[in-house]
1. So, counting K/R as plus one and D/E as minus one, what does the shell of residues with Cβ under 10 Å around Y41 add up to?
2. All other residues with a Cβ under 11 Å from the Cβ of E101 taken together, and with Lys, Arg as +1 and Asp, Glu as -1, what is their net charge?
3. Under a plain spin-label model, where a point goes 7 Å from the Cα along Cα-to-Cβ, how far apart in nm are F6 and Q86?
4. Using only the Cα atoms of the stretch 2-94, what do you get for the radius of gyration and for Dmax, in Å?
5. For the chain, what relative contact order do you get, as a whole percent, if you take Cα pairs closer than 8 Å and at least 6 residues apart?
6. Tell me, what HN-Hα J-couplings in whole Hz come from the Karplus equation 6.51 cos²θ - 1.76 cosθ + 1.60 at θ = phi - 60° for each residue of the stretch 94-103, using x for Gly and Pro?
7. What is the calculated FRET efficiency for L105 to E35, with r their C-beta to C-beta distance and R₀ = 30 Å, to the nearest 0.05?
Amino acid sequence: MKRICFVLHVKPDRLEEYKARHRTVWPEMLAALRETGWNNYSLFLRPDGMLVGYLETEDFEGARAGMAKREVNERWQREMADFFVQPDGVLPDRAMEPLEEVFHL
């Protein structure tokens, strides 16, 4: 199992709504994540909007590709896109660039 970490940035004026949305993630979105190999998936949010994502998966590119085929993911990403500081038209799941792991205990 590979550990994956990525960083995104949530717009500071959207933090509370972002957190509220994640308290009520659609059941079909949760099921799609599980079915496509997103295990032990967590999001951590700093007060300035820095968002750190962590997950474990056998194949991150495969897990991303699996989600890209799901209609529910396309809907979720389009709804969430405006929460992030990123180039226009880039959906959040396309901006997840894994960080290099430099230490693990």
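1. Every neighbour counted, the sum reads 0.
2. After counting each charged neighbour, the total is +1.
3. 0.6
4. In order Rg, Dmax, the Cα atoms of the stretch 2-94 give 12.8, 35 Å.
5. This gives 40 percent for the chain.
6. Each residue of the stretch 94-103 in turn: 7, 9, 6, 9, x, 7, 6, 7, 10, 7 Hz.
7. FRET efficiency, L105 to E35: 0.45.
Each value in this text was obtained by applying a stated rule to the coordinates, not by laboratory testing. As the structure is a computational prediction, the values presented were derived from the model and not from experiment. Cβ sites come from the backbone with ideal geometry, for glycine too, and all protein chains shown count toward neighbours.
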